[in-house]
Amino acid sequence: MLFRKNKTLLGLNIGSGYIKMVELKDSGSVHTLNNFGIAALPADAIVDGTIMDSAAIVNAIVNLAANLKIKKKRISTSISGHSVIVKKITLPLMDENTIEETIQQEATQHIPYDINDVNLDFQILGSNQDNPDNMDIVLVAVKKETINDYLLLVEEAGFVPVVVDVDTFALENSYEYNYEGEDKTVIALIDIGANLTCINILHDGVTCFSRNITSGSRLITEQLQKKFSLNYENAELLKMGCLESKKTDGSTAFSAIKEAAFSIVNEISKAIDFFHTSSMTESRVEKIILSGGGAKTPNITQLIAKSTGIETEIINPFRNIIIPEKNFDLDYIRDIAPLAAVATGLALRKDEAVRR
Ligand SMILES: Nc1ncnc2c1ncn2[C@@H]1O[C@H](COP(=O)(O)OP(=O)(O)OP(=O)(O)O)[C@@H](O)[C@H]1O
Ligand SMILES: [Mg+2]
C-alpha cells in the first residue's frame, strides 16, 4: 500500500522564558494540530540570547517531549536576539554572480561582527521604488557561535536539527499561513517575549523595517518582585493573576503591571514613530499584530492601540489550523495561543533536507 509520509518537523521554540513545542499533521491542503506544549525555564538559563545553563534547557526539552509523548526526532528551531541581524539595504542593480561578492563587502558596513563569524544570507526584494536602477535586499546575519550552541543543545536533548531559522521569519511564516488574503499592505508583527520585543514591519509581506527592544514581559515581573518583595516565580504568578497573597491586592497589582507595561508600550510607539518619520515610501503601519507571552499582559492591546493610534490585535497562530476537539482543551489553546506563534511557524517548515 502506498501512503504519504507525514514529512513535518517538530517546531521547537527555545525562548528565554518558555520552551514551546508544536507538532502539526500535514494532510496536503490542511494542517491539523497534533501536539502542543510549553515548559518554563529557570530565570537565568538564557541571558541576552546566550545559553547560560544548557543542562537546565536540555532537561526542560527532554521532559516536555516526554510529557507530550513526542516521537518525532527531526525538528526545526530558531534563534533570536543580538546574534541575529536583519537589515534592509539598497544596491545598484547587478547580476546574480556579482551580488554574492558585493553582499560580502556591503555586510561589513552593516553588521557589527567580524564577517567570518557570521552566516550570511540575503533575499532580493526587487527594484527600489524611488530609483529603478537600484534594488532592495534583505540581509540576514547570524553568529556562527550561537548557531552552534543551539545545535549542540538540541542534539544533546536527542533531536535532529533540520532547520535553524530566525524567530522573526518563523513568526512571519505563521502569520502568512494564518492570515492569507488579509487586505492590509503595511502591518507590524510585534512579538513581546520574556526578555525581548521584536518589531518586524512588513510591506506587502516583506520585511521593510525590523528592530529589537531589549526588554520584554520579564520587566513587568521584575517590577512586581521589587514592589511586593516577591521571588521570581511568585511575581510571575501574580502577573498572570494566579497568586493568592495578603501582600498584593488585585488593584495595586494591576496598577503596578500597567506602570511597567507602559515602558514597553512607549518603546514600541517610539520605534513605530521612527519608522514613520524615516520611511522613504511614506508607508504607514495599518495594523499591529501582537504575539508572545507579553501579548497576554492585561490591557496591552488597548494601551498599544491608544499610544500608536493603530488598530492592534493579538495573533491567532491556529486560525487556519484544525484543532481536534477530542484531543485538546480549546479554552486552554485559545488562552496560550500567542505564545505558540513562533513554534507554529517553525512546525510549518517543510522537512526537505536530505535524511542523514
Ligand atoms: N497569562 C499571562 N499573563 C501575563 N503574562 C504572561 C502570561 N503568560 C505568559 N506571560 C509572560 O510571557 C512571557 C513569556 O512569553 P514568551 O514565551 O513569548 O517569551 P519567550 O519566547 O520565552 O522569551 P524571548 O522571546 O524574549 O526569549 C513571560 O514573561 C510570561 O510571564
Ligand atoms: Mg520568544
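The values are calculated or read from the model by the stated rules, or taken from the named source; none is laboratory data. Note that the coordinates shown come from a computational prediction; the quantities given were computed from them, not determined experimentally. Cβ coordinates were reconstructed from backbone atoms using ideal geometry, including for glycine residues, and neighbour counts include every protein chain displayed. Areas reflect the complete protein model, heavy atoms only, side chains present, ligands, DNA and RNA absent. Shrake-Rupley method; radii C 1.70, N 1.55, O 1.52, S 1.80 Å.
Couple of notes before you dig in:
- For V140, the conditions (1) loosely packed, with under 15 Cβ neighbours inside 10 Å; (2) closer than 27 Å to I46 by Cβ are fulfilled apart from (1).
- Restricting attention to region 276-303, the residues being within 16 Å of ligand 1 (Cβ to nearest atom), without any contact (Cβ under 8 Å) to a residue 12 or more places away in the chain and in a loop (DSSP other than H, G, I, E, B) number 0.
- Selection count, region 16-36, where residues are part of a strand (DSSP E or B) and under 19 Å from L153 (Cα atoms): 5
- Selection within region 53-84: residues that are open to solvent by 70 Å² or more (accessible area, probe 1.4 Å) and outside any helix (DSSP H, G or I). The member of this set that is nearest to Y150 (Cα to Cα) is K73.
A quick yes/no check of all residues on (1) out of contact with any Gly (no Cβ under 7 Å at 6 or more places or on another chain); (2) without any contact (Cβ under 8 Å) to a residue 24 or more places away in the chain; (3) open to solvent by 50 Å² or more (accessible area, probe 1.4 Å); (4) in a helix (DSSP H, G or I):
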| residue | (1), (2), (3), (4) |
| --- | --- |
| V86 | yes, no, no, no |
| L91 | yes, no, no, no |
| I99 | yes, no, no, yes |
| I103 | yes, no, no, yes |
| Y113 | yes, no, yes, no |
| L125 | yes, no, yes, no |
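- Top-ranked residue in region 26-43 [being modelled with pLDDT under 95 and out of contact with any helix residue (DSSP H, G or I) (no Cβ under 9 Å at 6 or more places or on another chain); ranked as most open to solvent (accessible area, probe 1.4 Å)]: S29
- Total residues in region 143-170, condition part of a strand (DSSP E or B), away from ligand 1 (no atom under 16 Å from the Cβ) and open to solvent by less than 20 Å² (accessible area, probe 1.4 Å): 1
- Candidate set: region 334-352, residues that are closer than 22 Å to D167 by Cβ and loosely packed, with under 15 Cβ neighbours inside 10 Å; chosen: the one farthest from ligand 2 (Cβ to nearest atom): E352
- Odd one out for I14 among (1) within 16 Å of ligand 2 (Cβ to nearest atom); (2) open to solvent by 50 Å² or more (accessible area, probe 1.4 Å); (3) at pLDDT 95 or above: (2)
- Scanning region 174-190 for residues that are open to solvent by 30 Å² or more (accessible area, probe 1.4 Å) and within 22 Å of I79 (Cα to Cα) returns E176, Y177.
- Single condition K306 does not satisfy, out of (1) open to solvent by less than 10 Å² (accessible area, probe 1.4 Å); (2) outside any strand (DSSP E or B): (1)
- Among the residues of region 44-60, the one identified as of a type in the set (S, T, Y) and modelled with pLDDT under 95 is T50.
- Once region 198-231 is narrowed to residues that are in contact (Cβ under 8 Å) with a residue 40 or more places away in the chain, hydroxyl-bearing (S, T, Y) and open to solvent by less than 40 Å² (accessible area, probe 1.4 Å), the residue that is farthest from S291 (Cα to Cα) is T207.
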